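S.K.: I am attaching a structure below and will ask some questions about it afterwards.
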Amino acid sequence: MTSLHLVERRPRNPTRAVRVGALTIGGGAPIAVQSMAATRTQDVAATTRQVQLLEAAGADLVRIAVDSRKDVEALAEIRARTRVPLSVDLQENYRLAELVAPHVDKIRYNPGHLYHHERDKPVRDKVAFLAAVAERHDCALRVGVNCGSVDPVQTAAHAGDDVGAMVASALEHCALLDALGFTRYVVSLKDSDWRNVVEGNRHFAAERPDVPLHLGVTEAGMPPDGVIKTRIAFEQLLAAGIGDTIRVSLTLPFEQKGEEIAAGRGILADIAAGRFRSVPPRFGEGLNIISCPSCSRVENEAFIELARQVKEQTAYAQAHAITIAVMGCRVNGPGETNDADLGLWCGPVAVNLKRGATELGAYPYDQVLDRLRVELDALIAERKPSPPAP
Ligand code: SF4
């Protein structure tokens, strides 16, 4: 399905066209709406169903995470059962690119993860490997920078300026790919805070208006808040001509993942029609619940229900500027909750909880909410301004 001719009525950045299978991103093509399978990649039946469900919902491109050779074998089977353009998310092991490339149209790598794998090897050589693989197999690349996992060299060089580090990392990788003569790439700069997404993408687009941008607010959480955060970022960027493909990342049960596509198309249609939603007063100033959209790393689907219960049971604290992060796995959960006041990340039978940087332990799914509430109340009490001295 083609996207709405959204910003077609508004000037867009003159990005170059990047071909992704039968799809074109950038170069004035309709804005592509994409999503990601949240099921375990090795569960071929479930992941195929997820891909088909997203395709039926109108996805232009579907991403699948791959972290092992077994995932690659599953991917090959899934590819044979679906027709929608596929993108793959290389998680830790960039060398898997060689095995996955024959089955997909686009490969996403994270410069932060690339830095950590085979540290003795220059980043330039790893990027050259990926570009060569992509070239050989007719694939596009995405340089997917995430504020929560930026290359530590850039983080150190931009002490305290997370957005600056994210933009510098993206620009560095564009320069590396350009120097290799590889131009078939798009870039994303994501964060769970829509303000950082807007700031980072604006800065990047000012420096590289030629590079197509994939927009998204990562770990936006559940509807409706997750949609609202994303809408605010997209309204500000797309209306300024920035953005060539979008993903709305929502925490949803597997069977409802198609709602990400519906939300994305709804936002595009509204912007195209000039319908800009006003931001609810004080949105983002009170209690802020972020939760990841889930992916194949989720070890217990109870995570989705937990995220819903966290939102429901903390609603009483709405007026307090506190961030609670709920993440679906033990791999990225500890890092992705770093900036939150209270963080939860899920394992197969227990949920880990931390307050600031202090880990409080792992709790069974049916007990963690009680402990969370104790911590939330303590935080509220601590932050309450002391009464004026008599
Ligand atoms: S936090 Fe874990 S489960 Fe959630 S999207 Fe990230 S990698 Fe996937």
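Each value in this text was obtained by applying a stated rule to the coordinates, not by laboratory testing. Given the structure is predicted, the values throughout are model-derived calculations rather than measurements. Reconstructed Cβ throughout: ideal geometry from the backbone, glycine too, with neighbour counts over all protein chains shown.
S.K.: How charged is the neighbourhood of Q367? Take every other residue with its Cβ under 14 Å from the Cβ of Q367, and add Lys/Arg as +1 and Asp/Glu as -1. Write out the running numbers ahead of the final one.
M.R.: Values: positive: R371, R373; negative: D366, D370, E375.
Once all neighbours under 14 Å are counted, the net charge is -1.
S.K.: While we're on this one: Which residues' amide hydrogens lie under 5 Å from the amide hydrogen of E118, considering only partners 5 or more residues apart or on another chain, with H built in the peptide plane?
M.R.: Distant-sequence amide H within range of E118: zero hits.
S.K.: Ok, one more. Semi-axes, largest first, in whole Å: what does sqrt of 5 times each Cα gyration tensor eigenvalue give for the stretch 222-279?
M.R.: Details: eigenvalues 80, 26, 19 Å².
Calculated on Cα positions only, the semi-axes equal 20, 11, 10 Å.
S.K.: How large is ³J(HN,Hα), in whole Hz, for each residue of the stretch 50-61 in order, when computed from phi with the Karplus curve 6.51 cos²θ - 1.76 cosθ + 1.60 and θ = phi - 60°, using x for Gly and Pro?
M.R.: 4, 5, 5, 5, 5, 4, 5, 7, x, 5, 7, 8
S.K.: On to the next question. All other residues with a Cβ under 14 Å from the Cβ of E260 taken together, and with Lys, Arg as +1 and Asp, Glu as -1, what is their net charge? Intermediate results must be reported in sequence, preceding the final value.
M.R.: On the way: positive: R63, K229, R231, R247, K257, R265; negative: E55, D60, E219, E255, E259.
Every neighbour counted, the sum reads +1.
S.K.: Rounded to whole Hz and in sequence order, give me ³J(HN,Hα) for the stretch 315-326 from the Karplus expression 6.51 cos²θ - 1.76 cosθ + 1.60, θ = phi - 60°, writing x for Gly and Pro.
M.R.: Calculated HN-Hα couplings, in order: 4, 5, 9, 3, 7, 9, 6, 10, 10, 10, 10, 10 Hz.
S.K.: Suppose the chain between R136 and R277 were pulled fully straight at 0.36 nm per residue; how much longer would it get relative to their current alpha carbon spacing? Display every interim value, and only then the final one.
M.R.: Working: separation 141, 0.36 × 141 = 50.76 nm, distance 4.47 nm.
Taking 0.36 nm per residue and subtracting the Cα distance, the gain is 46.3 nm.
S.K.: Percent of alpha carbon pairs in the stretch 151-230 separated by more than 14 Å? The partial results should precede the final answer.
M.R.: Values: 2018 of 3160 pairs.
Considering the stretch 151-230, 64 percent of its Cα-Cα pairs are separated by more than 14 Å.
S.K.: Modelled label-to-label distance, Q256 and N338, 7 Å Cα→beta-carbon offset: nm?
M.R.: With each label placed 7 Å out from Cα toward Cβ, I get 3.2 nm.
S.K.: While we're here: How far is it, in nm, from the label point at A179 to the one at T323 when both lie 7 Å from their Cα along the line to the Cβ?
M.R.: Taking the two extended label points, one gets 3.3 nm.
S.K.: Here is a follow-up. Considering only C-alpha atoms, what is the centroid distance from the stretch 7-49 to the stretch 216-260, in Å?
M.R.: 14
S.K.: Tell me, what is the Rg over Rh of the chain, with Rh the Kirkwood radius over Cα pairs? Spell out each step's value before the answer.
M.R.: Details: Rg = 20.4 Å, Rh = 21.2 Å.
The Rg/Rh ratio comes out at 0.96.
S.K.: Going by how many other Cβ atoms sit within 10 Å of their own, how do I290, I267, I228 line up, fewest first?
M.R.: Working: I290 27, I267 24, I228 19.
If I rank by nearby Cβ atoms, fewest first, I get I228, I267, I290.
S.K.: Select from F204, A57, L189 the residue farthest towards the positive end of the dipole of the stretch 7-272; place +1 on Cβ of Lys and Arg, -1 on Cβ of Asp and Glu, and compute about the Cα centre.
M.R.: A57
S.K.: Could you pull out the GluC sites (Glu not before Pro) across the stretch 226-328 that fall in loop regions by DSSP (anything but H, G, I, E, B) with no more than 16 other Cβ atoms inside 10 Å? Provide the component values of the computation, followed by the final result.
M.R.: On the way: sites: E235, E255, E259, E260, E285, E299, E301, E305, E312; in loops: E285, E299, E301.
Filter output for the stretch 226-328: E285, E299, E301.
S.K.: Also, quick follow-up: Under 14 Å from the Cα of K354, which aspartates and glutamates turn up, not counting those fewer than eight places away in the same chain?
M.R.: Hits, sequence-local ones excluded: E336, D339, D341, D370, E375.
S.K.: Let me ask another. What list of ³J(HN,Hα) values in whole Hz, one per residue of the stretch 84-91 in order, does the Karplus curve 6.51 cos²θ - 1.76 cosθ + 1.60 (θ = phi - 60°) give from phi, with Gly and Pro shown as x?
M.R.: Couplings: 5, x, 10, 10, 10, 9, 7, 8 Hz.
S.K.: Taking a threshold of 29 Å on the Cα-Cα distance, which of the pairs K106/K311; K190/K257; K126/K229; K121/K229 fall above it? Write out the running numbers ahead of the final one.
M.R.: Values: K106/K311 35 Å; K190/K257 20 Å; K126/K229 34 Å; K121/K229 38 Å.
Beyond 29 Å: K106/K311; K126/K229; K121/K229.
S.K.: Something else now. In nm, give the distance between the simple-model label positions of A22 and S68, each being 7 Å from the Cα along the Cα-to-Cβ direction.
M.R.: That separation, rounded to one decimal, is 3.4 nm.
S.K.: Another question about this same structure. Report, in debye and to the nearest 20, how large the dipole of the stretch 7-272 comes out about its Cα centre when Lys and Arg carry +1 and Asp and Glu carry -1 on their Cβ. Provide the component values of the computation, followed by the final result.
M.R.: Values: 32 positive and 35 negative charges, 115 e Å.
Approximately 560 debye in magnitude.
S.K.: Taking N as the number of residues in the stretch 288-383, what is its Cα Rg relative to 2.2 N^0.38 Å? Could the numbers behind the result be given before it?
M.R.: Details: Rg = 12.1 Å, N = 96, 2.2 N^0.38 = 12.5 Å.
Normalised Rg, Cα atoms only: 0.97.
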